Structure formats: C-alpha cells, structure tokens
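The values are calculated or read from the model by the stated rules, or taken from the named source; none is laboratory data. The model shown is predicted, which means the values in this text are computed figures rather than measured ones. Here the Cβ is made from the backbone with ideal geometry for all residues, glycine too, and neighbour counts use every protein chain on show. In case anyone asks, the SASA skips ligands and DNA or RNA and just uses the protein heavy atoms, side chains included. Shrake-Rupley method; radii C 1.70, N 1.55, O 1.52, S 1.80 Å.
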Protein chains: 2
Amino acid sequence: MASFVLKGHICQSLDRNHLQVRENHYLVCVEDRCAGVYPILPAKYRSLPMTDFGDRLIIPGMTDLHLHAPQFSFRGLGMDMELLDWLNTHTFPEEAKYQDRDYAEKAYSQFANHLRRSETTRACVFATVHVPATELLMEKLEQSGLVTYVGKVNMNRNSPLYLAEPSTVASVRNTRQWLEDTAGKLTHTKPILTPRFIPSCTDDLLYRLADLRAEFDIPVQSHLSENYSEIAWVKELVPTARNYGDAYRKFGLFGGDHKCIMAHCVHSDTLEMEYMRQNGVFIAHSPESNMNIASGVAPISKFLDYGLKVGLATDVAGGSHESMFRAMTHAIQASKLRWRLLDQSVAPLTFDTAFYLATRGGGAFFGDVGAFEPGWELDAVVLDDENLDHPQPLTVKERLERIAYLGDERNIHAKFADGARLF
Amino acid sequence: MASFVLKGHICQSLDRNHLQVRENHYLVCVEDRCAGVYPILPAKYRSLPMTDFGDRLIIPGMTDLHLHAPQFSFRGLGMDMELLDWLNTHTFPEEAKYQDRDYAEKAYSQFANHLRRSETTRACVFATVHVPATELLMEKLEQSGLVTYVGKVNMNRNSPLYLAEPSTVASVRNTRQWLEDTAGKLTHTKPILTPRFIPSCTDDLLYRLADLRAEFDIPVQSHLSENYSEIAWVKELVPTARNYGDAYRKFGLFGGDHKCIMAHCVHSDTLEMEYMRQNGVFIAHSPESNMNIASGVAPISKFLDYGLKVGLATDVAGGSHESMFRAMTHAIQASKLRWRLLDQSVAPLTFDTAFYLATRGGGAFFGDVGAFEPGWELDAVVLDDENLDHPQPLTVKERLERIAYLGDERNIHAKFADGARLF
C-alpha cells in the first residue's frame, strides 16, 4: 500500500454548489487512502516521499458512470438516427464483431489505452454478450490501473440473431460462467450485472438474472427512459409496470438491496423519480449521447433538488468522446438549451455542479470516492495547462474551467487511482 | 502566382445535401485558382510540381463567418450569464485592455497563431474600438496567410465609459483614420465596417457609418436577434423599425447594395427572414455561443429552405474554441435538441449540411470560395487522422466525420489559402 504527498493547486467539490480551490497545498495519501489536504505539511508526514507538481492543478479522478467499450471503435460516427434505428444499424453489427477474439484484442486495447490517458479513474462499462471478449476487456482494464465495473451484456430477444443469446438458459449459463471465471481474480475490475434494457431481455431472463445478482452479490447497470419510442415499447412489453423504472423494479433489478445505475433518465416522470429515490438508484447523465441521438435533455437540477443520486457519463459511442471534461461542458450546454427551449423552472447547470457530478456525484457509486476527504480512497489527476496560452493572469478556478472547455489528453500530466500512480 | 498539384482523398460539398468523396484524385491549382479535380492527371498539368499526400484527406478550407479576436483570451471562461450581463461582466473589461498596444501584441499573436493552425482559411473578425490594436491585428492576420475581413468596432452608447468612443464624431473620425491607414496596404486582410450592434450605436452614428461604408465600398458585419432581452431593447431604441433587422435596414447597413453578415439570427421571424433574403444578407450561425450564453438555436434548415445565405461561425468567445469542426458538431447537436425540445417542423442538420455551411456556405461571402470548382479561389486543408485509432476499416467519409468529432489541430497536416501554402 502506498503512502506519499503531492503538492500543487488542489481543487475539489465540497458539494453540488461549491468548488474549493487551495493553492500550493499538500495532498497526503497514507496506505492508499487520503489523509487530508494541508497548507503546511504536518510533521508526521514529512518523511513520506513528496512530488511537487508546482503550478499544476490536482483534482479528484473522475467517474464515468456509463460507457460502452465495444462502441469505442465507432465513436464519432453514424450520428444521424434515433436510438432504436441507431442500435440496429450501427451498434449491433459492430458489437457482433467481438465474437472474434482477435478483433476484441485490438479494439479493447485501443479503448483501454484511451481511457487510461483520460481524466477518468473509475468507470462502469458495458461489454458485449461474449464471455471471452468481456473477460479480455476486464484483464485490459485491470492492467490499465483504472478502477472499473464491467458487465457482460444480456440480450435474448428483439435483437438480431447474429448477436442475441439464443435462449434464456444460454444467457444465464454464459453469465454464470463469466461470474465464476472472474470471481476474486482481479483487484480493481469487478463484474456488474448488465441486462441491456427491457426490450432485449425476456421476463424469465430478468427474473433469473435477479437470482444470479443475489447469489453473487453484485450491482446492476442498465438503460432507462432514454427515448420516447423505447419508453412506449417497454409499456407494451411490460404492461403491468407503472412505468419503465417499475418494470426493472418488478424483476428485482432496480436497487434497494443492491447498487444500481440507470443510464439517461431523460424522460423520467415524478413517479419514476420517486422509485429511484426510494431505491437509491444512481442516474448516469449522458448529455452528449442524448444530443447526438436526439433523445433530449434530462432535468439534472430537478433530480438533484429531489435528492436523487446523479453522476456524469460519456456514454461512448452515443457520446463521441471518452473525455469527462467534454461530458461536463456538454452537460452545461445541454442544460442551458433545455432551460431556454423547454422549461425555465429547471435551472441550467453551473460549472461547479458539472464538476460535482463528474467527481463526487458518480464517485459515490464506488464508495468514498471523488473528493479529498480524510479516509476516502485516493484518486487524483494532475493537470498541466501550459499549452493553453493566454495573455492575462488567470485564477486557478479559471484555469480549471478553461481546461474543461479547451483541454484534451495532453493536459493530463499524472494520474493516481486508488492510491497507485498510473503515469 | 502559384501552380501545383495535390494528390489525396478529396472531399467537398456539392450542395447542402451532398458531400462528394473522390479517393486518390488530383487537385490542380493554376495561378492560385482551382483548375479541377481529376482521377488521372491531364497531360497539360504533368509538368507542375506535385505533392502526394497519400492516404490523407484534402478538403476545402473553412470559413469562420464571425468571431471576436480580443475575446480569444477568455475563451472557455465565464459561461454563466446571458448576453447583456456577459458583455458587461466579461467582455467589455477584457476589450478595454486592447488600448494597451503591448497587451494587444501578446493577445493577438496568440489568436493569429491558433487561427493559422486551425482548419479555418477565411474569417470575418471583430476587433475592438481601438485603431492601433485593430491595425496590429490586421498585420498579424496578413502575416498568417489567412484571408480575412477585420472590423474596428463602433460603439458610442450604452457601453462603459472606459471602452466606448466618446462621441459620434470621434467614432467616425477613428473609423475614417483606420480605413485610410489600411487602404490598399494589405493583400489578404480587408476592412469591414463593424457597428457592434444597435444598442451600442446612436442613430446618427449609424447614418454616418453608412456614408463611410459607401465612400470606401466595404462590407458590413454586426449582430442580429441573438437574445430576447437584446431584441426587446432594440425595439425600444428604434421604435419605428418593424423588427431588429429593419433597424439596420433603415440606417442603410443591411445589405442590398453591399455585402453584409449578421451573426446569430436565433429569433428572426418571417419578416426578418424576408428582409434578409431580399438584401442577400449572410447569416453567421454560431451554435456553441448560442448554447453557452443560453440564447437558443437558430432554425438553420428553415433558413436554407427559405433561400437564405448561411455560413457557420465559432463566435469566439461566446464559443469557446476556434475550431470550425467543433462548430460543425455543435451545429448538428444543437439542431437535434431544437428539433426534440421545440419544433419538429425544422429538420436537424446532417453532417453533410454542416460541412456545407462550414465550406461553401460561408465561403460564398468571399466570392468563389469553399469548394474545388474550376476557376474558384483555392483554399485547401490536408487532414491526417493517423492518431485517431480504430480497429475496423473506415470509408473516407467516415474518417472525415470522425475527424470533425474527435480531431484537433494535430490533425491539420497542411494548409493552403488563396493558392499559397501556409504550412
């Protein structure tokens, strides 16, 4: 276990409205855990190895609460459709390629390399239905040093024959095999149960998955209320459910006794919000994806006011890029258009709130993660903005805002996840 | 004058709906003008020097129809307000600094360097009220090799004392001095008359500027119908005008006998559209700016259907970045949210249409610019996407779409403006 000190301009979110900046402070890590932020290094830590990052910024690592590893190959492509057509035309044919281990090897190496170089330290990742490729992805993410949940996808209906699992039995057997193969094998890479969404899983599969979930004691991730056609379809498929969220709830896959992430929630109504609050469901807000496939904009300020748990997500490849900074700016921009075009009762997101979502908001899914609180797990990203020139003096907070709008992986100078330095 | 041949995958817009890709073709430039695109190089051009760009893409240079050079210093900052507050809090204090020639030297050097490295070959640029700084900017842009219009800004009311020109006489005198100083001095950098917007110019100043415009035979650029508060204010200030555009028209600054660009047009009604069509006014669509300061989204498909002239703009620093590729993706994304949230009668923009706006659409303001038609001025950008890895084969068009979503200045391999190679 690692103990060390980092020095620099330390920025973190205190709550959804307050971003704290402490210039030239010391961030202490003792046995992989944060031991606090100090203006003067306490005597008891002076024997620890220290890295002085000078004028650079140190922020908590960011959590990407929802993205699809196999879709990384077609990021930035095919943004001309809505969800259901987009799945059939672009997504499913690409995902079918991961039956080929060589293709998966090549594609997942690229994905893991990009994610490692980004500001993300934690992520909740969809793979495909394929067990070998999913296990390969988990090994690659383990090697990257990132902390992740990875899900083998379940889908046994309303999906093309070349991709769907042929039966409930096969889907359950594959899932059990994957969970047994990976149990206790990796340190930073854990399985998460991943029914794709209600339309792609039969009722009996969903009930069986809930049993598996309980047996292996793992969390759940899926999609919720992204698109109008999807929502109408779920209403047909599960007519007894009061809404889309209630459908998951009926099958025992909507939080409560387990951790659960639902991506999108663009069109969730008050009852669905209430179910999410009661069950502690995390919302993975995916603003760029929701623009690109014309889904809409989730009312994030309203969700936060209601006490819901919200994190931010790139949703690659509905989103085009793995950068959480880009996700932050898209979240702010989309919220302003929602405010202007649709509903002035839901306030636009500020920069401070977007930073909160990207750090503490999503980090909470992993436990005590996303800020430099004493005792919390230590994820840190060191930012160098020397290439973003400017003629005037800037405050540290202004520099952080500029990096979010203008920066890219060249600005990620160093990175630590769960106390270990990745680069 | 330069004559040469470029070889590569040549992409251009044929019209708003058709992007043409010609793989491994020859683009011929004879005496600074395009002489066509050929699958086999005609014998008469075989003695010309040829550069083979191999697997790289060659596209027309892009035209940024509207951006503010002095605001480049605070790109990506202060995006928490609407237009009028944003001007008073962030913009005017920064613009006042350009009274200091040393500050202008430093800031405009950075601006010109970034614009030179971007995919932009032509631009219509706002400076500040300051004559020396504006002339300095024009020299720097001339040195960059870009082809630009640059405007000394006019503002003599409703502006802070530290920035406003003290009287109509002073504003006109300064403008005349600037026009005389720069007349015929530069090859690729021309003056454009730039009343900031109606609220910042008195009626008598606007009439006098129209006289100056005619005397020097130069085009006009300004802002139109960006924000609701601004529009209401113009209605108070020019009560006899039928709309905001009509106010410019009354003063003789709205096209017809001269070239004219109006930025934004987010909230233009049918009558304003009709005035723009009658007068051949160019619309500078600024999607990111219109998101960032929560103005809204202009109905671009409707404008094009109506026969209006539309180009694309970054509007730095309402927009955070000088990249026209980013402006393209923001235009597509904003149009999808407008369609989803506000009005399904206006179709979202396709990639092909966004590319059209960025090349032919805005290029038309400069004449025969923005495509590789025989006889047209030759602007070309060579794109290298080798750093954007992917596991699967991609078509050239897919590669272009990916560069727009994922690329940055590292992907600009070479650049030609008006027949000359910049790098």
Revision key, fill the gap. Ranking B:His390, B:Cys124, B:Met50 by how far each Cα lies towards the positive end of the charge dipole of chain B (+1 on Lys and Arg Cβ, -1 on Asp and Glu Cβ), the top one is B:Met50
**Study point:** DSSP bridge orientation in the protein assembly as shown - percent antiparallel, rounded to nearest 5
**Key:** 45
Exercise for review: Would you mind calculating the gained length between B:Arg101 and B:Glu409 on full extension (0.36 nm times residue separation, minus the Cα-Cα distance), in nm to one decimal?
Suggested key: 108.0 nm
Point to revise | Area buried, chain B against chain A - accessible surface, total, 1.4 angstrom probe, square angstrom | key: 4600
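Just checking the output field for B:386-398: average partner chain Cβ neighbours within 10 Å of each residue's Cβ?
For this peptide, the per-residue mean of nearby foreign Cβ atoms is 4.
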Check your understanding: Taking accessible area as the heavy-atom solvent-accessible surface of the protein chains with a 1.4 Å probe, which residues of region A:54-102 lose no less than 30 Å² upon going from the isolated chain to the full protein assembly?
Key -> A:Ser73, A:Arg75, A:Gly76, A:Leu77, A:Met79, A:Glu82
Revision key, fill the gap. Sorting A:Arg56, B:Arg33, A:Arg326, A:Arg196 on solvent-accessible surface, 1.4 Å probe, most exposed first, gives B:Arg33, A:Arg56, A:Arg326, A:Arg196
**Study point:** About the Cα centre, charge dipole magnitude for chain A (Lys/Arg +1, Asp/Glu -1 at Cβ), debye
**Key:** 460
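Work out the length of the dipole vector of region A:207-328 about its Cα centre, built from +1 on the beta-carbon of each Lys and Arg and -1 on the beta-carbon of each Asp and Glu, and round it to the nearest 20 debye.
Values: 11 positive and 15 negative charges, 30 e Å.
In debye, rounded to 20, region A:207-328 gives about 140.
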Review point. At a probe radius of 1.4 Å, what is the per-residue accessible area of B:His90, in Å² to the nearest 10?
Key: 50
Check your understanding: So how far apart, in nm, are the two label points at B:Arg277 and A:Val169 if each is 7 Å from Cα heading toward Cβ?
Key -> 6.7
Revision key, fill the gap. Per the C-alpha gyration tensor (a ≥ b ≥ c, the square roots of its eigenvalues), region B:330-401 is rounded if a/c is under 1.5, else prolate if a/b beats b/c, else oblate; here it's oblate
Exercise for review: With label points built 7 Å along Cα→Cβ from the Cα atoms of B:Asp368 and A:Gln344, find their separation and express it in nm.
Suggested key: 5.0
Practice item. Using a 1.4 angstrom probe on heavy atoms only, work out the carbon and sulfur share of the accessible area of the protein assembly as shown in %. Key: 49
**Study point:** Net lengthening on full extension, A:Glu180/A:Lys235 (0.36 nm per residue, minus Cα-Cα)
**Key:** 16.4 nm
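With Cβ to Cβ distances under 12 Å as the rule, what net charge do the other residues near A:Asn243 carry (K, R +1; D, E -1)? All intermediate terms of the calculation are to be shown ahead of the outcome.
Details: positive: A:Lys235, A:Arg242, A:Arg249, A:Lys250; negative: A:Asp246, A:Asp269, A:Glu272, A:Glu274.
That works out to 0.
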**Study point:** Tensor-based shape of region B:62-366 (alpha-carbon gyration tensor, a/c under 1.5 rounded, otherwise prolate or oblate)
**Key:** rounded
Check your understanding: Hey, with R₀ at 60 Å, roughly what FRET efficiency would A:Tyr228 and B:Thr187 work out to, going by the Cβ-Cβ distance, to 0.05?
Key -> 0.65
Exercise for review: With a probe of 1.4 Å, find how much accessible area region A:62-366 has per residue, and write the answer as a whole number in Å².
Suggested key: 30
Review point. Label points 7 Å out from Cα along the Cβ direction at B:Arg242 and A:Asn24: separation in nm?
Key: 6.5
Review point. Counting alpha carbon pairs within less than 8 Å and at least 6 residues apart, what relative contact order, in whole percent, applies to chain B?
Key: 21
Practice item. Under 17 Å from a label point 7 Å along Cα→Cβ of A:Leu394: give me every residue in region B:105-122 with its amide N that close. Key: B:106-115
**Study point:** Charge tally in the Cβ shell below 13 Å around B:Asp315, where Lys, Arg are +1 and Asp, Glu are -1, B:Asp315 excluded
**Key:** -2
Review point. What length, rounded to one decimal in nm, is gained on full extension from A:Tyr38 through to A:Met81, with 0.36 nm per residue of separation minus their alpha-carbon distance?
Key: 10.4 nm
Practice item. Could you pull out which residues in region A:388-423 have an amide N less than 15 Å from a spot 7 Å beyond the Cα of A:Leu48, following the Cα-Cβ vector? Key: A:416-421
Point to revise | Cβ charges +1 (Lys, Arg) and -1 (Asp, Glu), total dipole of the protein assembly as shown, debye | key: 100
Exercise for review: Beyond 31 Å between alpha-carbons counts as too far, so tell me which of B:Lys44/B:Lys415; A:Lys106/A:Lys185; B:Lys106/B:Lys190; A:Lys190/A:Lys309; A:Lys106/A:Lys397; B:Lys44/B:Lys190 fall in that bin.
Suggested key: A:Lys106/A:Lys397; B:Lys44/B:Lys190
